[in-house]
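The values are calculated or read from the model by the stated rules, or taken from the named source; none is laboratory data. A quick note: this is a predicted structure, and the numbers were derived from the prediction, not measured. Glycine gets a Cβ as well: all are built from the backbone with ideal geometry, and neighbour counts include every protein chain shown.
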Amino acid sequence: MAGTDTGAPAAQAFEATKVFGISDTSVCALDAVTVSFEAGRFSAIMGPSGSGKSTLLHCISGLDSLSSGSAHIGGIDLSALSERELTKLRRTKVGFVFQGFNLLPTLTAGENIELPVILDGNRPDAEWVAHLARVLGITDRLHHRPAQLSGGQQQRVAVARALVNRPTVVFADEPTGNLDTRTGVALLELLARIVEEDGQSVVMVTHDPVAASHSDRVVFLLDGRVVDELHDPTAERIAHRLTALES
Amino acid sequence: MWRVVLRNHQQHALRLALVCLAIAVGVAFLAATFVLTDTDRAAIASSADQAYANVAVAVQGPFSSSRLPGLAGHILLPEDVLTTVRRVSGVSQAQGEVDGYAQLVGSNGVLIGGNTSLARGISVGPVPSLRPFVLGAGRLPSTSREVVVDAQTFAAQGWHLGQSVRIVSDLPIRAFTIVGVVRSRQTADVLGATLLGFTVPEAQQLLGSEGHFSVVLCASHRGLPEDVLASRVASAIGPGYEVLTGSSFARESADFSSAGVPTFSAVLDAVFGVIMLVGALVIFNIISILVVQRRRELALLRCVGAWRSQIYRSVLGEMAVIGVLASAAGLGLGIAAAAVLRNVSNGSGAQTSAAGLDISPRTVLVSLLVGTATTILASLLPAIQASRVPPVSALRQDVIGEVAASSRRWRVTGLVVGGLGVALVAAGLLAEQGRAAEIWLVGGGMALGLFGLGRLSPLVVPPLIALVGWPLPRLVGAPGLLGRKNAMHNPRRTAATAGALVIGVALVSLLAIIASSAKASSNSQLDQSLSAGFEVVHTGTSPLTDGPSGSQALSPRVLQRLQAQPGLTVSPFEFVTFLLDGHGGYGAAVDPSTISKMISFGTLQGSVTALSHGGFAVSVQQAAPLHLTVGEHVDVALVDELPSRGSTEMQVDAIYAQGDHESGFLFSTATVSELDPSLALSAVLIRAKPGVSSREAEAAVASATKGFPDASVLNVAAVRTSEDQRIASQINLITLLLALAIIVAVLGIVNTMALSVVERTRELAVLRAVGMSRSQIVGMVQGEAAVIGAVGAACGVVLGLFLGWAFQRALSSQGLTDLMVPWTRLVVYVVAGAATGLVAGSLPARRAARVDMLAAIASE
């Protein structure tokens, strides 16, 4: 494995297998996947529809459980955790950015950002929140309701929410899926900058080669297996690999 | 389109079940009331018809002004009327009947049949076809110590022929032997009463009518119409009598007996209205939410070419089907409840009949119609909303549940409509007459007020929630904060959900306030006005302060025996009904020399003691509206039904300050008995003479009333307790009925919460994904429900306080003089409201906690 190794990986899967359904009708979404996402880097997971990329993200982020094998975040084995401990882990060590921005309509942008901290019963670090807002360019939007924000602004609020607890790793599921190209590129550049400047780890699922080209490393999935990977990719190389995989 | 409609039913089965329940409860209530009242009326009417089937013409004396229930309300006929009637051509047979109060005394000295007004003694005349009964077993009485009993009482007591029984009437207890059992021509009871038959002379003696009959009944020769014979009889006996055809006599007899059927239809109507209103609100809310949830689906229908009107009709059609189903279920439920209630009351020995339940077409029709119409009306607005969903919604990812800011127009219409509603409620509450109109005014006003509140809710609800929900974040932290915010998020929905609870709680609080005010008022009145130590009334009569309705006559011998006691001051009291310058009223005939020792009259203008012959005294409250002044002469006519008796000019002798409306007019007994010889003794007021201890007085009263088990002795403390108990039991009954409305409202909260959980699946999943624990989710949803419940209950209590105050002001001249607010009870209501919210939220909360997190990420 090439690239700069900075200690324990942010997220890992060993022999991760996920089977949906039982016996005859069962579908193997993940087939003994072993993969590791380094800390302080921007990783992308790609693959055609049905390749298992979303399932992999769900399982290594603790949203879903594995049929066999194990998933780790910052060295912690998720399969050993109870429901409560998993919740606590999501609250403190993991950040999520979804395709649908999924902000709570009842809360202001600022409150949405602080939500994970408040849920933990802590006071938000005002300086950190201000810093995030500044970096993400939403300082003057903090008192608005989600309905009053544009799609790009909503997604930037969602990113801020994902980062507010200084998580071990941020998982992003098609974060640019609902944005137009320009807004999408701006958001990806922001994510890349956060990785570079703050040493944040990001794992992103996408089907868009342009989006994936902002990452440091791309892992390709096909039929529930890791089949390839690219380092410091460009959009053309990614598109080329994808076409090769699908043929 | 219809197919789409029906498919929708299957998908939302549970939701619709709740809609059905909201309507069915109300309809069941309506149906049960109808069936029970109809059944009782029909039973009595049919039994009266049978009893007097062979009577062609009946002759009665004029109606007595004492207005006692039962046939004894008429002045008696002299015996020679019978002789005259017999000679009328066309009369085949005739006989006189004596009818009055007679009741069996059990071995323990307690009256059999309790305090019912339907204990009757009757003479057994020589003509079998004119008797209201037939002989079932044994023989008819032939000597003065023999009696026949109705079959139902006979069987219920487990007696045998030849059994000795004790009977009380206007005379003290006497022993009789049962020689026979009588029954009506079809059923075991006769006229729904406990009936005792005596020989004619014995009946005349027992019932205090020697030489007189209560009624003369005659049969006609074949083929002669009743009314022809009636006019012949009328011209033969001359004026001063009431001549009825057999069928109207049967009807009058049934009406008298029906007076014993408890009806408080105005209250039942109001309760029914409240339940339906609450049900309608719940339905409105559920349908509105369903429309929001089905927005995509509806927009898709529009995309593929459905007309607006088709969408509109599909929603209404769906609701009509549900309305009919729910009403039918409610009807069935109501009939079942009526059957159960009837069995229960039969078991407890109340008046019964072998007739089955009377389910009239009206009951079925009205129940179905009212239920369906309510459902459709409640879904009109949501249906319009549904038809306005733009087709693009199918393509766009709308932020679901986002509420448009309230416009100025909304606020203005809200204020206007709400104000109109409040005005209507006030008008309805303050109007004095016409109960039906009042109820419609109040009901309509409430509906308008709610509509206005709905429009204003974006303005009103958030601050309320913020206030009531203030402790939430402090109690449960972040989830509490979120729950409170959620409740504020859609103020209109929160208002509609809480609105149902507001109505229920407002009415229950209103009742609590009226109950405690009535108690306080009656206590202060009793303290001020009644100084008598004891009061003797008929056992079947409520306490004196109730007025003439339900009053039964005491035997005059009780008065004589009490007056013979040396240690007592005794004052008779007779209720009188009269017309004063054309206005109906009632008051009492009293003994001027003793009455002021029993009742304190406050400041006087003139003197009650000096009540002259042909004069009367009046309370300030009654005098003011009639502009009466002392010394003035007015026309007073004792109420009787014969126009031949004219009015008498009487002078206002005194105006006194104290006195509630029951004793608002006082005449002297001498004056009244001259005008109406049949004046009946309603009560005897008693006071111990100076130097006689209350224990001695009690013993004296007891010995004087010994042998008259129907004479009930009350002391003032007992009057107060029985008054309190009466009010409390009535209020409790109505509160219990209103609890139905509250249950429907709570179901509404369950429903709203369940629907918002479904609606917010994605939101809940996000919360779970960013680290909200299951218990925090439960806390959030239950917190929201609790806030809604508490706000509903708090608003209800405030509204109830206002209504209670308005009621008390409106009724202060009618005896509700004191306003007493039961604060603890009201606080309990608010806490209970929050608690029901918590309970109502528990199921939806558990469901919310189980939401699949992956739903948050699944991109549609």
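Could you tell me whether region B:344-357 includes any residue that is modelled with pLDDT of 75 or more, surrounded by fewer than 18 Cβ atoms within 10 Å (Cβ to Cβ) and among the aliphatic types (A, V, I, L, M)? Checked against the condition, which is being modelled with pLDDT of 75 or more, surrounded by fewer than 18 Cβ atoms within 10 Å (Cβ to Cβ) and among the aliphatic types (A, V, I, L, M), region B:344-357 yields no hits at all.
Taking region A:88-107 as the range and being in contact (Cβ under 8 Å) with a residue 60 or more places away in the chain and either closer than 20 Å to residue A:187 by Cβ or more than 8 Å from chain B (Cβ to nearest Cβ) (or both) as the test, the residues that pass are A:93, A:94, A:95, A:96, A:97, A:98, A:99, A:100, A:101. One residue stands out in region A:108-118 among those that are facing chain B (nearest Cβ under 8 Å) and in contact (Cβ under 8 Å) with a residue 12 or more places away in the chain: the one that is nearest to residue B:485 (Cα to Cα), namely A:115. Counting residues in region B:455-471 that are part of a helix (DSSP H, G or I), among the basic types (Lys, Arg) and within 14 Å of another protein chain (Cβ to nearest Cβ) gives zero. One residue stands out among those in region A:77-87 that are closer than 18 Å to residue A:59 by Cβ and within 8 Å of chain B (Cβ to nearest Cβ): the one that is surrounded by the fewest Cβ atoms within 10 Å (Cβ to Cβ), which is A:83.
Tell me which residues, restricted to region B:206-223, are farther than 18 Å from residue B:95 by Cβ and surrounded by fewer than 19 Cβ atoms within 10 Å (Cβ to Cβ). Listed by number, the residues that qualify are B:222, B:223.
Consider region A:44-65 and keep the residues that are more than 14 Å from every other protein chain (Cβ to nearest Cβ), touching a helix residue (DSSP H, G or I) at 6+ places or on another chain (Cβ under 6 Å) and crowded, with 18+ Cβ neighbours inside 10 Å. The one that is nearest to residue A:119 (Cα to Cα) is A:44. For region A:120-144, a residue qualifies if it is under 11 Å from residue A:164 (Cβ atoms), touching a Ser or Thr at 6+ places or on another chain (Cβ under 9 Å) and either within 14 Å of chain B (Cβ to nearest Cβ) or crowded, with 21+ Cβ neighbours inside 10 Å (or both), and exactly one does: A:120. Within region B:638-663, the set of residues being modelled with pLDDT of 75 or more and either of a type in the set (Lys, Arg) or closer than 21 Å to residue B:818 by Cα (or both) comprises B:656 only. Here the condition is being surrounded by 24 or more Cβ atoms within 10 Å (Cβ to Cβ), among the hydrophobic types (A, V, I, L, M, F, W, C) and within 14 Å of chain A (Cβ to nearest Cβ); of B:780, B:753, it holds for B:780 alone. Based on what the data block shows, is residue B:360 at pLDDT below 75, hydroxyl-bearing (Ser, Thr, Tyr) and either in contact with a helix residue (DSSP H, G or I) (Cβ under 8 Å, 6 or more places away or on another chain) or under 30 Å from residue B:153 (Cα atoms) (or both)? Here the answer is no, as residue B:360 does not meet what is asked. Within region B:611-637, residues that are within 17 Å of residue B:590 (Cα to Cα) and modelled with pLDDT under 75 have Cβ atoms under 6 Å from residues that are crowded, with 19+ Cβ neighbours inside 10 Å and basic (Lys, Arg) in no pair, counting only partners at least 6 apart in sequence or on another chain. Counting the residues of region B:151-184 that are at pLDDT 85 or above and either buried (at least 19 other Cβ atoms within 10 Å of the Cβ) or in the same structural domain as residue B:682 (by TED's automatic domain parsing) (or both) gives 7.
For the condition in contact with a Pro (Cβ under 7 Å, 6 or more places away or on another chain), small (Gly, Ala, Ser) and under 20 Å from residue B:763 (Cβ atoms), residue A:95 qualifies.
More than 14 Å from chain B (Cβ to nearest Cβ) and either buried (at least 19 other Cβ atoms within 10 Å of the Cβ) or more than 20 Å from the chain's Cα centre (by Cα) (or both): does that describe residue A:16? Judged against the criteria, residue A:16 is a match.
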